[in-house]
Amino acid sequence: MSLASAYRSRGLRAFFALVVLGLICAPGARAEESQFGYVYTTDLLPKGAKEVEQWATWRRQKTGGYFDQLDGRTEFEYGLTDKLQVAFYANYVWARAYHNGPFGETTPPEPLSYDRPGPDDRYNARRFVGFSGEAIYRLLSPYTDPIGVAVYIEPTVGPAFRELEAKLILQKNFMDDRLVTAFNFTYAPEWRYDIVDGDPTRKKWGYETDVNANFAASYRFAPNWSAGFELLNEHEYNSYTFSKESNNGFFFGPVIHYGGKKLFITATFLEQLPWASEHSDTVAGAIVDRRIYDNDFEKYRVRIKAGWYF
Amino acid sequence: MKSRFLLIPAYALVISAPVQATVYLSVEQAQALMFPGATFTPDFVTLTPDQMKAIEKSSDVNVLSPDLKVWRASTGGWFIADQVVGKHEFIPFAVAIDAQGAVKAVEILEYRETYGDQVRNASWRAQFTGKTKDAPLKLGGDIQNISGATLSSRHITDGVKRLLATYALVLANQKS
């Protein structure tokens, strides 16, 4: 499926319009300034500071056919103390898919995995996913300690989705803080209310655990502007204990960031690297050309984040 | 075919017009404030690579530029206008050094960052008064940190330390 035909989708156009409109019209505000699209740093809002962020993540292309997923997030952040930042946000998704899954079957995206389209259906859905809360506490600052350290917790609750995401965030700066590097380790068990295999009349809560190790570096090459890269390694397990691994993918790509006095904008483009391998619980047909396409793994991702401080 | 989706960052960047800089003091205003009644003679210096290395070794702070904007005050002492790295932009600041090589005053000339403008507070800047090259000038040590403005307060502290080393190694040896 060509990008041109993907763009013809009415839903996609509407989403683009909303994002652009949001960027233009949102009132003056901001959250923790994100130099990276995916990787968090230990830089937090100071006490009493507020920020609004809008995220849009486009996930594109699975094993074949077409696949486009747009994840939206609208977020409010607040500095409770100089070391503790809290946030609240809404998550929503639009997706379309056709012959995108293993062996060419139409497969819904992971947030809407409870849908059951036919193997040859042209799937199109727009849905609210859930509300999230977030808290980040900084233990050590990269400006006064040898390394910045923060811990992060994010519960998400939705109609058919629950998640508890925990992160360890490390940050080390170089060159008078113009070169920022950061590492995140994420452990995130998640539960989905889904149809029981073999019995379409029954539903139950199933679970899996996402475990990610992400690294990023960015250099401030001019006042207000920085650029760098992000490298993500994402794992999924059908257990809480690092056993029964199903998926393991690597993503890499550039990030550019503008940070001003009242707003910031960050854009990241990622491509999955051909480094995937089979594990005990990998779904047959989910790996093509050494890239994994199960669940929330796809070939390309674009994430744009914009924030306003007030 | 190129997707117009890729234009979204461009739209976003176009609308992110630069914010007006907040200029608190011009160089002339800072000079008048820090050396009342004095006249000033420019004595701009271009540091040699060896001098830069010596300053970095003495202060343990990177020298950002070899060009140093220095004025001699008619009443004795030196006025230096310089800048340090901020979160998004440089922070222009000025240091007045008396004839004995001690800090007379520190002023923030412009501040364009979202947060951290508490470094302009007179009580925080007063901590530098009387410091010489031999002072530790360590944030969280002899200079109190400003919670929520850590990056700015650390870089200004480092900047003063670097300029005191510059005075001791270069300016103090200049012929008048």
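The values are calculated or read from the model by the stated rules, or taken from the named source; none is laboratory data. These numbers come from a predicted model, not from an experiment. Neighbour counts are summed over all protein chains in view; Cβ atoms, including those assigned to glycine, are modelled from backbone coordinates with ideal geometry. Only protein heavy atoms, including side chains, enter the accessible area calculation; ligands, DNA and RNA are left aside. Shrake-Rupley method; radii C 1.70, N 1.55, O 1.52, S 1.80 Å.
A compact table of results
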| quantity | calculated |
| --- | --- |
| Accessible surface of region A:262-310 [probe 1.4 Å, protein heavy atoms]: carbon and sulfur percent | 53 percent |
| Contact order normalised by residue count of chain B, Cα under 8 Å, 6+ apart, percent | 20 percent |
| In nm, spacing of pseudo-spin labels at B:D60 and A:R126 (7 Å Cα→C-beta vector) | 5.8 nm |
| B:F90 paired with B:T129, simple spin-label distance in nm, labels 7 Å along Cα-to-beta-carbon | 2.9 nm |
| Angle in degrees between helix A:10-25 and the longest Cα principal axis of chain A, rounded to the nearest 10 | 10 degrees |
| Accessible area, probe 1.4 Å, largest first, for residues A:F185, B:F93, A:F221 | A:F221, A:F185, B:F93 |
| Accessible area (Å², 1.4 Å probe, nearest 10) - A:F229 | 70 Å² |
| At least 10 Å² accessible surface lost relative to isolated chain, residues of region A:128-153 (1.4 Å probe) | A:Y143, A:T144 |
| Spin-label pair B:D50/A:F76, simplified geometry with 7 Å Cα→Cβ offset, distance in nm | 6.3 nm |
| Members of B:K57/B:K131; A:K62/A:K204; A:K262/B:K161; A:K262/B:K69; A:K47/B:K161; B:K69/B:K104 lying beyond 24 Å, as alpha-carbon distances in this model show | A:K62/A:K204; A:K262/B:K161; A:K262/B:K69; A:K47/B:K161 |
| Exposure ranking of A:I292, A:I256, A:I287, B:I146 by accessible area [1.4 Å probe, largest first] | A:I256, A:I287, B:I146, A:I292 |
| Interchain or long-range residues, amide H under 5 Å from B:Y24's placed H | B:E110, B:Y111 |
| Calculated FRET efficiency for the pair B:S147/A:S243, C-beta based, R₀ 35 Å, to 0.05 | 0.20 |
| Under the Karplus curve 6.51 cos²θ - 1.76 cosθ + 1.60, θ = phi - 60°, whole-Hz ³J(HN,Hα) for region B:117-127, x wherever Gly or Pro sits | 6, 5, 5, 7, 4, 4, 5, 6, 5, 5, 4 |
| Per residue value of the accessible surface for chain A (all protein chains in place, 1.4 Å probe), Å² | 41 Å² |
| Residue among A:T63, A:T186, A:G307 farthest towards the positive dipole end of chain A, charges placed on Cβ | A:G307 |
| Residue-wise HN-Hα coupling along region A:263-280, computed from phi with Karplus coefficients 6.51, -1.76, 1.60 (Hz; x: Gly, Pro) | 8, 9, 9, 10, 10, 10, 10, 10, 10, 6, 7, x, 10, 6, 9, 6, 10, 4 |
| Dipole magnitude of region B:19-173, debye to nearest 20 (Cβ charges: Lys/Arg +1, Asp/Glu -1, about Cα centre) | 240 debye |
| With eigenvalues of the C-alpha gyration tensor scaled by 5 and rooted, the protein assembly as shown, Å | 53, 21, 19 |
| Candidates A:D176, A:D43, A:D145, ranked by Gaussian network fluctuation over chain A, Cα under 10 Å, top entry | A:D176 |
| With every protein chain in place, chain B: carbon and sulfur % of accessible area (1.4 Å) | 51 percent |
| Interface residues, region A:252-276 - accessible area loss of 40 Å² or more versus chain alone, probe 1.4 Å | A:Y258, A:K261, A:I265 |
| Accessible area buried at the B-A interface, both sides summed, 1.4 Å probe (Å², nearest 100) | 3400 Å² |
| Peptide-level mean, for B:80-90, of C-beta atoms on other protein chains within 10 Å | 3 |
| Along each principal axis, Cα extent of region B:19-173, largest first, Å | 39, 35, 27 |
| At least 40 Å² accessible surface lost relative to isolated chain, residues of region B:98-129 (1.4 Å probe) | B:T114, B:Y115 |
